[in-house]
Structures are given as C-alpha cells and as structure tokens.
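Please read the structure below before turning to the comments.
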Protein chains: 2
Amino acid sequence: MKIIALILSIFTTFIVANSDIEILKKAKKANLLPIPNTKIELLKIINNQKNPSTDAKIELGKKLYFDPRVSKSNLISCNTCHNLALGGADGVSVATGDKWHPNPHHLNSPTVYNAVFANYQFWDGRSTTLEEQVKGPIQTQFEMAMHKDILPSKIKNIIGYKEEFKRAYGPNVKITFKLITDTIAIFERTLITPSRYDDFLNGDFKALTPKEKDGLNTFIDLGCTRCHKGIALGGFTQPFDTGKRYKYRNIGDFHGNKNHLVKTPTLRNIKETAPYFHNGMIWNLKDAIKEMGKIQLLLGISDKDAQKIETFFGSLSGRKPKIKYPILP
Amino acid sequence: MKIIALILSIFTTFIVANSDIEILKKAKKANLLPIPNTKIELLKIINNQKNPSTDAKIELGKKLYFDPRVSKSNLISCNTCHNLALGGADGVSVATGDKWHPNPHHLNSPTVYNAVFANYQFWDGRSTTLEEQVKGPIQTQFEMAMHKDILPSKIKNIIGYKEEFKRAYGPNVKITFKLITDTIAIFERTLITPSRYDDFLNGDFKALTPKEKDGLNTFIDLGCTRCHKGIALGGFTQPFDTGKRYKYRNIGDFHGNKNHLVKTPTLRNIKETAPYFHNGMIWNLKDAIKEMGKIQLLLGISDKDAQKIETFFGSLSGRKPKIKYPILP
C-alpha cells in the first residue's frame, strides 16, 4: 500500500509540476512578469537614474511623505490618501482633500504601493514618472493645496529638515520644490510588495494553491492580461468602455484623457484597495471583475469564473515593507 | 601645573555635584517626579488594573489608533489630531475634525504622549482616565463623528479585526464600543517619552547641561511648579487667568469647567507641541512662558529668565517609543 501511495504521489507531483510549467509558460507569454527576486534586478527597475537613491534620501522622503505640513492646512499628508496602512490607498470612493473638498471629477485615490512599476501615473496617465506625479497632488487645490513656491521656505524653516537635507544632499543643498518632490518619489520607489504570485512566477510552484493557479489560468484565458500585464499588472493606458458602457460612467465627469484613454490600475493588493474603478463606485471585487469583463472584453464572466479570478487575486496581496513611523523634525 | 589642574577639576566636580544635589532636593520638594527608570515601577503607574494590558492588546490598540475607519468619514484617525510623528499633537491652533469642522470652542489638541501621567484629561478635566477620554473624540460631531453603536458593527465586519480581538481577548470576545475604546487606551498608556530631565531626576547629574540646570532652578524658583508638577509636569486642574487676563481669552468661548478650572498641560515635549494654550494662540515658547508668568503667577518674567526656562524645556523632549506603522486588517 505504501509503495502504491508513493508511486501515486510521485505521479501526482509530476502531473502538477507539468501543469505548473504550462501555466508559467502561459503567464510569460501573456507578459505577466514577477517582481524580480534578486536585489540587483529589482534595483535596475525601481531606480531612476535621473533621481538616484540613497538611504538618507529614502529616510528623508519617508518623513516628507508622512508630514501633513507639506499641505497648506498642515492637516493632509501624502499618506492621508495613499495610506500605507490601508493598502496604499484611502478606502473611500472619492479622494477628499483640503477643506474636505471631494475630487471634483469623483476620482478615487489609486494605491501608491508598486506605483513605481506603472508606465503611467494618474487616471489619465499624464505623468510617466513618480517624480512628475508627486508634484500634482501637493499643488492641487482640492488635494494638498500647497503653493510650490511656499513649500520650500516652509520646509527650510523647520530646522531639523534643513539638517536632514544637508545629510542627504551635501552641505550646499538648495531646498527647492523639485528636490522635495524628487525626495518623496525616492521613498515611493521603495514601496513594493512582492507576493506569492511573484514567488510562483519566479519558479516556486508551491507558492500558489491549486485554486489560485486555476484562477490565474482563467484570468489569462479570458484575456484580462491584455491590459493587466507587466510587473504592475496594469499601469498602461487603454480605451475604456468603448463597447458596452460602464454601469457608473455618469458618476463624475472623467472619461479618460483627450484620446479617451484611461490608466489600467494595478491588481497588486487589489483585495485591500476597494472601492474599485476610477470613480470608486464598485465595492465588491467579483462585481468589479464582471463589470470589467462586460465593458472591456465584451464578455459575460460567469459567477464561477469571477470567483476563480478573485481567488487568484488573493495571491496578489504582497509583503509590505516594514516602516518605522517617523518622528518629524 | 598638572596637579593644580587636577585639584581644580576635583574641586569643580565637587562644587557642581553639590549644587546638583541641591537642585535635585529642590526639585523633589517641588513635587517634580521622574518617569521611573525601572520597568516594574513604571508599569505600576501606567497600568490600569481595571483595563490590564497584554502585548496582543497593545498591538490591536495601535491598529485602532491609526485606523481612520474608526471615524464616520473613514478619513480621521486618533493619530490625525494626536500625531505620534508630531509630538503627539497636530501642530495647528484649532483641532479640525469631521467635514473640516474646527473645534467650536477654538480648542487645541493636547499631546497624547505621557497623557497617562495626567490626573485629568480634556481641557476642562472632565475625565480622569484615558479609557474615559477615548470615548469622547470618537463620538464628537466635530471630531470623528462616529456613533457608538455603529463602530462595533463596523469593526466586526472587518474580518481581520475579528481575529485580532479573539487573539487579544479570547474566542468568546464580544466587540463592544467600550472594548474598542479600552483597547485604544491600552495602547495610549504605552506612549511615554523618558527624557534627559528624567535621567537627571533619577540621579544622572550629567544628563542636563549647566544651562538646563540653571533653567530648572529658575523654573522652580519662579513658582511654575505650583501647577507644572508630578510626573506629567501638569495634568492637574487649576483656576485660570483669575488675576490678570490671558491676552487671547476672547478667542473661543472656553473658560474652564463650571468652577473655571482648566487642566494644566504637560510640559513634556513642549518644544514639539506648539502652538500653546487651550486655544492654541501662542506659537512662541518664550511668549508662552511670559504670558503664563503674567496671568498665573502675577509675575513679569524677564526675557533672560524666560530664555533660561526655555533652555530647560529642551531637556523635556523625550525618547519616543519606536512604532512600526501598522498594516491594518
């Protein structure tokens, strides 16, 4: 009996491994890419040569990221809408900013985690780097409402910051708006969350459960990877609801950039970043999957398939960087 | 020459040590008490026997403290107004809450650090424990605006929290409003910041600079310790501006409790918690010291003495607890 069990187990292992290899091949063919599991490969991707990173800059960037004094009111920090405790987002439909103003286009805050892997930033994809992105919300009236000429003098007036900028950039540093936002971007570039999905793509076949593998398979087969691909599982711009119309398209006036392109959100940590879609109108992940199928793939995704995909999405919840809450200068 | 230098040095050491002992005696006589430097003595003070602490409860309390979902809007956490990165306060004159409502009495957020050592909580001293205090802001319309009957069901609906409450309180735990607020209080009881001042009071005479010792001396001599005493250097209730009137007494309508008593704020970390006074109208620490002298001690404190006291206050900036920013369930 024991021998039969052993043979069976070897046989099963072979079968599973074989299908694992098939899924892996399929995933690579669909342009699904893991977060690299070697530091050097990772750094090649997350580092911006025009804005190179150091430990001192990362630490300073973290402080600025968490500092509500970067806003006009002294009450809103980057972390308010992109809360690292809440999947890198805020968990509300509409981003809420200075003086409690909701985003006038009814736009939802996207997660900052893994944003570094996206080719485009903002829902209309108007920035291609985090360095560019950071400049936006700080100045926007209904977000942080800070004037770009006032921020540097405000920061310079906080003695501790002056010292930290010197430590990060040398004694002759000139604290400019660009340097402040670049430093925040350097911190944001570290906010990546490798997951079991990456472990699988990197060759650890046991990292996903059979059901998650099945879900990944379905995800690819249905064509979700046409947009949700690359390391970010998104981050490109695509035409949106050009076939069937998005159920909540009239909530808010956002319909993409001038070419009607919309940034595809990352699916990483998707279980932690409800509500979904650019206007944050769908709270249930299965509903979001089915709506996407309908409007982007012109497909009626069955409950069963939506469940499979949702199960796969569970594997995208990544390991978050450990962050020591800063003491601000 | 060397021998003379040596004798002089011994002599100086003796003199200094002698005056150190004098200051220490004087401080003790003025009821200035250090944060105990042994864990057992400290725990005796910060532990509430009716709400005993465990590591699991502290960790859960930390999560609730940082969780904006504890508020009605999902946008305001305890940490918004009592920001552990900003001296445990918010650095603005008037506390700003739900829908951007300023505190209608123009009240300033006091620091949460070392609040456990205060005999009274709130500016009018209406609570005597942190457990009681926590219940206030969560429910207040212009703060977190959360209904006490809704919060428990909201928390129960977050699966991860259910698990964490079980871990902290056992499998049959009933998540009530009181249990949630008690758990937050347990975390707050850990927010203490021992400083060089404590080291000095605990016998390390080198912990303070000569100028800081001189400032401490002045602080006691002028009578500041009539109200700023005990471990908290405050936290009692006192009549306020009964002699001369506080310069900004008409900003806001707060004039103490029904007996016109006002809670004396702690002086710990005072250099990090501007603006000062209950209505947050004074930004400069020396101005605050002089105003206090005028209205509470009926004394004109000279610039020189105010400077000395401010220098002493520098030693009250404490060592903050290291806090890992939580990943919320």
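The values are calculated or read from the model by the stated rules, or taken from the named source; none is laboratory data. Every value quoted in this text rests on a predicted model; they were computed, and no experiment measured them. All Cβ positions, even for glycine, are placed from backbone atoms using ideal geometry, and neighbour counts span all protein chains on display.
A few remarks follow.
- Just one of the numbered conditions (1) over 18 Å from B:Ile289 (Cα atoms); (2) aliphatic (A, V, I, L, M); (3) over 21 Å from the mean Cα position of the chain (by Cα) is not true of B:Ile192: (3).
- Residues of the range A:254-287 that turn out to be small (Gly, Ala, Ser) and surrounded by fewer than 21 Cβ atoms within 10 Å (Cβ to Cβ), as a count: 2
- Single residue of A:Thr128, A:Thr111, A:Thr54 found to be over 19 Å from A:Asn257 (Cβ atoms), of a type outside the set (Phe, Trp, Tyr) and surrounded by fewer than 22 Cβ atoms within 10 Å (Cβ to Cβ): A:Thr54
- Residue match in the range A:123-132 (condition: under 16 Å from the mean Cα position of the chain (by Cα), under 24 Å from B:Thr96 (Cβ atoms), of a type in the set (A, V, I, L, M) and not in a loop (DSSP other than H, G, I, E, B)): no
- Qualifying positions in the range A:96-116 - part of a loop (DSSP other than H, G, I, E, B) and either more than 16 Å from the chain's Cα centre (by Cα) or modelled with pLDDT under 95 (or both): A:Gly97, A:His101, A:Asn103, A:Pro104, A:His105, A:His106
- Residue ID - nearest to the other protein chains (Cβ to nearest Cβ), chosen from residues in the range B:60-91 that are basic (Lys, Arg) and within 22 Å of B:Gln141 (Cα to Cα): B:Arg69
- Single residue of the range A:298-329 satisfying the filter (within 14 Å of chain B (Cβ to nearest Cβ) and without any contact (Cβ under 8 Å) to a residue 40 or more places away in the chain) that is surrounded by the fewest Cβ atoms within 10 Å (Cβ to Cβ): A:Lys322
- Members of the range B:144-200 that are closer than 30 Å to B:Asn108 by Cα, β-branched (Val, Ile, Thr) and loosely packed, with under 14 Cβ neighbours inside 10 Å: B:Ile150
Rundown of residues vs (1) modelled with pLDDT of 95 or more; (2) hydroxyl-bearing (Ser, Thr, Tyr); (3) touching a Pro at 6+ places or on another chain (Cβ under 9 Å); (4) not in a loop (DSSP other than H, G, I, E, B), yes/no style:
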site	(1), (2), (3), (4)
A:Ile192	yes, no, yes, no
A:Gly215	yes, no, no, yes
A:His228	yes, no, yes, no
A:Gly234	yes, no, yes, no
A:Gly243	no, no, no, no
A:Ile251	yes, no, no, no
A:Phe254	yes, no, no, no
A:Asn257	yes, no, no, no
A:Pro265	yes, no, yes, no
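- Only one of A:Gly280, A:Gly300 that is within 17 Å of the chain's Cα centre (by Cα) and in a loop (DSSP other than H, G, I, E, B): A:Gly280
- Of the set (1) within 17 Å of A:Glu59 (Cα to Cα); (2) loosely packed, with under 14 Cβ neighbours inside 10 Å; (3) touching a residue at least 12 places away in the same chain (Cβ under 8 Å), all apply to A:Gln141 but (1).
- Any chance A:Ile295 is surrounded by fewer than 21 Cβ atoms within 10 Å (Cβ to Cβ), in a helix (DSSP H, G or I) and either within 14 Å of chain B (Cβ to nearest Cβ) or out of contact with any strand residue (DSSP E or B) (no Cβ under 6 Å at 6 or more places or on another chain) (or both): yes
- Selection count where residues are more than 17 Å from B:Lys28 (Cβ to Cβ) and either touching a Gly at 6+ places or on another chain (Cβ under 6 Å) or crowded, with 23+ Cβ neighbours inside 10 Å (or both), scope the range B:201-214: 0
- Test set (1) away from chain A (no Cβ under 14 Å); (2) closer than 19 Å to A:Ile76 by Cα - B:Ala145 fails condition number: (1)
- Answer residue from the range B:92-108, given it is buried (at least 22 other Cβ atoms within 10 Å of the Cβ) and closer than 25 Å to A:Ala89 by Cα and is nearest to the other protein chains (Cβ to nearest Cβ) among those: B:Thr96
- Within the range A:48-59, one or more residues are within 14 Å of chain B (Cβ to nearest Cβ) and within 23 Å of B:Pro326 (Cβ to Cβ).
- Check on B:Ile40, away from chain A (no Cβ under 14 Å), surrounded by 15 or more Cβ atoms within 10 Å (Cβ to Cβ) and of a type in the set (A, V, I, L, M, F, W, C): no
- Residue match in the range B:280-288 (condition: more than 14 Å from every other protein chain (Cβ to nearest Cβ) and touching a residue at least 40 places away in the same chain (Cβ under 8 Å)): yes
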